[in-house]
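Peer 1: Just passing along the structure, written as structure tokens.
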Amino acid sequence: MISDFFHPNVGGVENHIFMLSANLIRRGHKVIVITHSHAPDRVGVRWLLPGLKVYYIPFPTIASSATLPNYFTFLPYFRVIIAREHIHLIHAHASLSSLGQEAILHAHHLGVRTVFTDHSLFGFEDAASILTNKLLAAALKNVDAVICVSHTGRENTVLRGQLFEKSEDSSALVVRPNVYVIPNALVAEQFTPATEPVSSETIYIVVLSRLAYRKGIDLLVATAPRICSAFPNVNFIVGGDGPKLNDLLQVRERHLLQDRIELLGPVRHRDVRDVLVRGSIFLNTSLTESFGIAILEAACAGLYVVSTRVGGVPEILPHDMISFAKSEEDDLIRALSEAVAIVSKGQHDPIEAHQRVKDFYNWGEVAERTEIVYDAVIKSEQKDLWTRMQRTMELGPFAGPIYTIILVVDCLFFLLLEWLMPRHDLDFVQMHWEHNNFRQVQ
């Protein structure tokens, strides 16, 4: 597993990599993680329960825990780690992960197969999206398989990564057959509903999110005062941190809602359940969302969900467990009013909601489906260097030659490293994690 986003940072991608790795270990595979270092002293090799080995490469970050794309400085580390750990397949995560994209480029030199999972939705018109989409398309030209966490995410990734080819029967373009959809999951036992029923007199609406523009915090700022005015028995609990925190503080001060809107600041993942069970309704105001693991966790904890109808959110829950709204202030007020009425009348059963989510999503099934993708990749034919160069040239008249030069130089650098540091001189890992011992302590 390779990504810029991993523990000790907390987030959806980080949790996905850890839980998938842990469940693959349970299924008898050897799994390691490669990520960048974290100040001040998390660098080198660390072990995480249950027996997950993590390599923290000494690369600094530039923004949002992402490293600067450099293509070549990662190769010496990557080559040594992959060779000494006897790795057969690498699985890169997240479109904005430079380490993940570079690993896909390097892996083919070692005969290692490649899989990529995209966790987010991106646009097509702003400068940042145009640049990141071109980087993604270059990385995915020669990847062996792509996994998306929702069908909406699949459509977005196919367009951004140019994952289509000409049909054999006609000149029409069809989506490449190696693009899969495997949703996120959660550990349902960590998000059990409250043992005692939440007071029906006061209804708490919980918001747990990064307080940023793409999470729709401007919608929250606009609707919270109106909901508090319309429903005297409704309060808000907001957890999270980000650039929009000041906007929430200002609207709370302006409308004198200090006793109605509680701002918790950053919430550790192990405390998320304790925050969720304080409320009856979970509000998601995201402007873009590929899957929305926070929605799944809230529903598992027994909360009724209100969300904007964006991205892959409509795929997560049955319609009787969630109310949708457009990304507009008035429609969000309507959906929240509907949710307050449902909860007030006792029409939502938290215990039943928990059991349904538990049956829908589990990491064991996600690991099993991912394993099927791995097996298909291992059995597929590997692309030679000439084929990879031809596919890279398809990126366009400008990007094609640039990325082809990067590919050739990377190959020459790899040959130089093979000569300077022959593989037979490497210190290979001889002892691996004992799966039988792991099963005994589960």
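The values are calculated or read from the model by the stated rules, or taken from the named source; none is laboratory data. Since the structure is predicted, the reported quantities are computational estimates derived from the model, not experimental observations. Cβ coordinates were reconstructed from backbone atoms using ideal geometry, including for glycine residues, and neighbour counts include every protein chain displayed. Keep in mind that these areas ignore ligands, DNA and RNA; they rest on the heavy atoms of the full protein, side chains included. Shrake-Rupley method; radii C 1.70, N 1.55, O 1.52, S 1.80 Å.
Peer 1: Measuring from label point to label point, each 7 Å out along Cα→Cβ, what is the Q258 to M431 span in nm?
Peer 2: Taking the two extended label points, one gets 5.9 nm.
Peer 1: Non-local amide H neighbours of I2 (under 5 Å, H modeled in plane, Pro and chain starts lacking H): which ones?
Peer 2: I34, H91, A92, H93
Peer 1: For K244, go through the lysines and keep the ones whose alpha-carbon is under 25 Å away, minus same-chain ones fewer than eight residues off.
Peer 2: K215, K326
Peer 1: Okay, next question. Hey, got a sec? Which GluC sites (Glu not before Pro) in the range 120-185 land in a DSSP loop and have at most 16 other Cβ atoms within 10 Å?
Peer 2: Numbers: sites: E125, E155, E165, E168; in loops: E125, E168.
Within the range 120-185, the qualifying GluC sites (Glu not before Pro) (loop, at most 16 other Cβ atoms within 10 Å) are E125, E168.
Peer 1: Would you mind telling me the antiparallel percentage of the DSSP bridges in the chain, rounded to 5?
Peer 2: On the way: 11 of 50 bridges.
Rounded to the nearest five, the antiparallel share is 20 percent.
Peer 1: Antiparallel versus total DSSP beta bridges in the range 92-220: what percent is that, nearest 5? List each step's numbers first, then the result.
Peer 2: Working: 3 of 12 bridges.
Taking every DSSP beta bridge with both residues in the range 92-220, the antiparallel ones total about 25 percent.
Peer 1: Another question about this same structure. Quick one: ranking I333, I261, I351 by accessible area, 1.4 Å probe, largest first, what do you get? Write down the numbers at each step before the final one.
Peer 2: On the way: I333 25, I261 5, I351 105 Å².
Per-residue accessible area, sorted high to low, gives I351, I333, I261.
Peer 1: Taking amide hydrogens as modeled 1.01 Å from N in the peptide plane, which residues meet the under 5 Å criterion relative to V181, leaving out close sequence neighbours?
Peer 2: C148
Peer 1: Let me ask you something else. With a 1.4 Å probe and every protein chain left in place, tell me how much accessible area K383 has, in Å² to the nearest 10.
Peer 2: About 50 Å², ignoring ligands and nucleic acids.
Peer 1: Between A341 and S229, what length in nm is gained on full extension when 0.36 nm per residue of separation is reduced by their alpha carbon distance? All intermediate terms of the calculation are to be shown ahead of the outcome.
Peer 2: Values: separation 112, 0.36 × 112 = 40.32 nm, distance 1.56 nm.
That pair, A341 and S229, stretches by 38.8 nm at full extension.
Peer 1: As a check on your grasp of the helix formula, calculate [θ] at 222 nm for the chain: sum -39500 (n - 2.57) over DSSP H runs of n ≥ 4, divide by the residue count, round to the nearest 500.
Peer 2: Working: 15 runs with 179 residues, N = 442.
Helix-only estimate at 222 nm: -12500 deg cm²/dmol.
Peer 1: Express in Å², to the nearest 10, the accessible area of Y374 obtained by rolling a 1.4 Å probe over the protein heavy atoms while all chains stay in place.
Peer 2: Here the accessible area works out near 30 Å².
Peer 1: Would you mind getting me the FRET efficiency between I351 and I130? Use the beta-carbon distance for r and R0 = 35 Å, nearest 0.05.
Peer 2: Details: r = 48 Å, r/R0 = 1.36.
Efficiency for this residue pair is about 0.15.
Peer 1: Another question, if that's okay. Taking all protein chains together and a probe of 1.4 Å, list D118, D218 from the most accessible to the least accessible.
Peer 2: Details: D118 5, D218 65 Å².
So the residues, ranked largest to smallest area, are D218, D118.
Peer 1: Okay, next question. Using only Cα atoms, find the angle between the long axis of helix 329-344 and the longest principal axis of the chain, and express it within 0 to 90 degrees, rounded to the nearest 10.
Peer 2: 70
Peer 1: Give the calculated FRET efficiency between L173 and A39 to the nearest 0.05, with a Förster radius of 51 Å applied to their Cβ-Cβ distance. If you can, show how the numbers build up before the last one.
Peer 2: On the way: r = 46 Å, r/R0 = 0.90.
Once rounded, the FRET efficiency stands at 0.65.
Peer 1: Something else now. Please work out the FRET efficiency for the pair N362 and H86, using the Cβ-Cβ distance as r and a Förster radius of 25 Å; give the result to the nearest 0.05.
Peer 2: On the way: r = 30 Å, r/R0 = 1.19.
So, using R0 = 25 Å, E works out to roughly 0.25.
Peer 1: For a quick check: with amide H placed at 1.01 Å from N, whose amide H comes under 5 Å from Y204's, ignoring anything fewer than 5 positions away on the same chain?
Peer 2: Under 5 Å from the amide H of Y204: N235, S280, I281.
Peer 1: Which ³J(HN,Hα) values, rounded to whole Hz and listed in residue order, are derived for the range 100-114 from phi using the Karplus coefficients 6.51, -1.76 and 1.60 in 6.51 cos²θ - 1.76 cosθ + 1.60 with θ = phi - 60°, glycine and proline given as x?
Peer 2: With coefficients 6.51, -1.76 and 1.60, one gets x, 5, 5, 5, 4, 5, 6, 4, 5, 5, 8, x, 8, 7, 10 Hz.
Peer 1: Keeping all protein chains in place, calculate the accessible area per residue for the chain (probe 1.4 angstrom), answer in Å². Display every interim value, and only then the final one.
Peer 2: On the way: 20550 Å² over 442 residues.
It amounts to 46 Å² per residue over the chain.
Peer 1: If you don't mind, another one. Just to confirm the number: angle between the C-alpha axis of helix 127-140 and the first principal axis of the chain, 0 to 90 degrees, nearest 10?
Peer 2: Between helix and principal axis, roughly 50 degrees.
Peer 1: Using a 1.4 angstrom probe and counting only protein chains, how large is the accessible area of S344 in Å², to 10?
Peer 2: About 70 Å², rounded to the nearest 10.
Peer 1: Quick one: length gained pulling L49 to E201 fully straight, 0.36 nm per residue minus the C-alpha distance? Intermediate results must be reported in sequence, preceding the final value.
Peer 2: Working: separation 152, 0.36 × 152 = 54.72 nm, distance 4.24 nm.
Length gained between L49 and E201: 50.5 nm.
Peer 1: Stretch Q250-R270 to full length: gain in nm at 0.36 nm per residue minus the Cα-Cα span? Don't skip to the end; give the middle numbers.
Peer 2: On the way: separation 20, 0.36 × 20 = 7.20 nm, distance 2.90 nm.
Gain on stretching Q250 to R270: 4.3 nm.
Peer 1: Right, another one. Rounded to the nearest 10 degrees, what's the angle between the helix 363-379 long axis and the longest principal axis of the chain, both from Cα atoms, 0 to 90?
Peer 2: 20
Peer 1: Of the heavy-atom accessible surface of the chain (probe 1.4 angstrom), what whole percent is carbon and sulfur?
Peer 2: Details: 11610 of 20550 Å².
Looking at the chain in its full context, I get 56 percent from C and S.
Peer 1: Given a 1.4 Å probe and heavy atoms of the protein chains only, how would you sort T157, T192, largest accessible area at the top?
Peer 2: Largest accessible area first, the residues go T192, T157.
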